[in-house]
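The values are calculated or read from the model by the stated rules, or taken from the named source; none is laboratory data. Worth saying up front: this structure is predicted, and the values here are computed from it rather than measured. Here the Cβ positions follow ideal geometry from the backbone for every residue, glycine too, while neighbour counts run over all protein chains shown.
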């Protein structure tokens, strides 16, 4: 069974990467051509402060977002709650939890929700508002499973349901994330690969698309108020293929260091590199830094940094507080806060 899972996962990742390479045109930008753009926002303050270079690290519950294979390597169970202060006063919340099942691997749950706030309905005739209020909703729910096929090789699957809605228009989509982690023969080096948001397309539909149509405006006496639906296009999800390498040198029991470099190949942008690192003292205090979207032209993202503290409670229970700051150029900055409990 493990051998079959291994072969299926490798084939899917290889075919997906090959298709990306075939369909990617280096001199044409596809920015803004996918639905559910909120799925590209980094989740988890720890990973975000490391320049979003986390696909080959993936060693906390946020692995369900970055590389679900990492869930199989978590020794304990736990959960993380993350809050993002995004640009333009937008806010996102992320919840992820994992449960260790021993020889049966690990399962995980995750949820992303948005907070855009209520907005006024305005028209040309009433620019100050008609008195109506509308809102926008982005949401995602997933259930992941991961297992260690060998002592050095892990795989993970993360099926998800995605929802987007604005006023009376909405749509759902189904997708899946696939990931692998491999401990290389070189001491301290781990190879990670993940494909995210491989699934169906989305196109908003609802009562807002209902209009009154006159099929022949040049003719009088006909019915010029026929109910009709405006057809909306279907858009791909933000598919992304990432390959990363992490390095954890042996510095003893007091000092710990993690370095990671990821190469990203999305379907809605050019390719780029993410770099990140983390230093910890006695696994209590953490300092992190990185650089996101290296070599990506016209990117507003760049330096990231953050810090964290872990407080040990009773037995093997501990609580973790993390903070991340990301420079967004002309869009100012993005800040994230995470709280996690491991047990």
* Asked: Within segment 321-337, is there a residue that is touching a strand residue (DSSP E or B) at 6+ places or on another chain (Cβ under 7 Å) and under 30 Å from residue 206 (Cβ atoms)?
  -> no
* Can we say residue 275 is surrounded by 14 or more Cβ atoms within 10 Å (Cβ to Cβ), over 17 Å from residue 49 (Cα atoms), within 23 Å of the chain's Cα centre (by Cα) and in contact (Cβ under 8 Å) with a residue 12 or more places away in the chain? -> no
* To do: Check whether at least one residue in segment 256-266 is more than 24 Å from the chain's Cα centre (by Cα), at pLDDT 95 or above and over 15 Å from residue 295 (Cβ atoms), and report yes or no.
  => yes
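Condition check ((1) in contact (Cβ under 8 Å) with a residue 40 or more places away in the chain; (2) within 21 Å of residue 277 (Cβ to Cβ)) across all residues:
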{"site": "38", "(1), (2)": "yes, no"}
{"site": "46", "(1), (2)": "yes, yes"}
{"site": "50", "(1), (2)": "yes, yes"}
{"site": "68", "(1), (2)": "yes, no"}
{"site": "81", "(1), (2)": "yes, no"}
{"site": "86", "(1), (2)": "yes, no"}
{"site": "92", "(1), (2)": "yes, no"}
{"site": "103", "(1), (2)": "no, no"}
* Does segment 281-294 contain any residue that is free of Cβ contacts under 8 Å to residues at least 40 places away in the same chain, within 17 Å of the chain's Cα centre (by Cα) and outside any strand (DSSP E or B)? -> no
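Tell me, which residue of segment 304-319 that is touching a strand residue (DSSP E or B) at 6+ places or on another chain (Cβ under 6 Å) and either in contact (Cβ under 8 Å) with a residue 60 or more places away in the chain or not in a strand (DSSP E or B) (or both) is surrounded by the most Cβ atoms within 10 Å (Cβ to Cβ)?
Of all residues in segment 304-319, those touching a strand residue (DSSP E or B) at 6+ places or on another chain (Cβ under 6 Å) come to 304-312, 318-319.
Okay, now just the ones that are also either in contact (Cβ under 8 Å) with a residue 60 or more places away in the chain or not in a strand (DSSP E or B) (or both), so 304-308.
On the way: 304: 28, 305: 18, 306: 25, 307: 18, 308: 21.
If we take residues in segment 304-319 being touching a strand residue (DSSP E or B) at 6+ places or on another chain (Cβ under 6 Å) and either in contact (Cβ under 8 Å) with a residue 60 or more places away in the chain or not in a strand (DSSP E or B) (or both), then 304 is surrounded by the most Cβ atoms within 10 Å (Cβ to Cβ).
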* Is it the case that some residue within segment 153-170 is within 30 Å of residue 187 (Cα to Cα), in contact (Cβ under 8 Å) with a residue 12 or more places away in the chain and outside any strand (DSSP E or B)? -> no
* Asked: Within the set of pairs 6+ apart or on separate chains, which have a first residue in segment 129-141 that is more than 15 Å from residue 84 (Cα to Cα), a second that is at pLDDT below 90 and surrounded by 13 or more Cβ atoms within 10 Å (Cβ to Cβ), and C-beta atoms under 6 Å apart?
  -> 129/120; 134/119; 134/167; 136/116
* Given the conditions (1) in a strand (DSSP E or B); (2) in contact with a helix residue (DSSP H, G or I) (Cβ under 7 Å, 6 or more places away or on another chain), which single one is not true for residue 300? -> (1)
* Asked: Across segment 201-218, what is the number of residues that are in a loop (DSSP other than H, G, I, E, B) and touching a residue at least 40 places away in the same chain (Cβ under 8 Å)?
  -> 3
* To do: Report, by residue number, each residue of segment 238-262 that is part of a loop (DSSP other than H, G, I, E, B) and surrounded by 18 or more Cβ atoms within 10 Å (Cβ to Cβ).
  => 238, 239
* Please give the number of the condition residue 112 fails out of (1) more than 17 Å from the chain's Cα centre (by Cα); (2) surrounded by 16 or more Cβ atoms within 10 Å (Cβ to Cβ); (3) touching a residue at least 40 places away in the same chain (Cβ under 8 Å). => (1)
* **Given (1) on the phi > 0 side of the Ramachandran plot; (2) in contact with a helix residue (DSSP H, G or I) (Cβ under 7 Å, 6 or more places away or on another chain), number of the condition residue 252 does not satisfy** => (2)
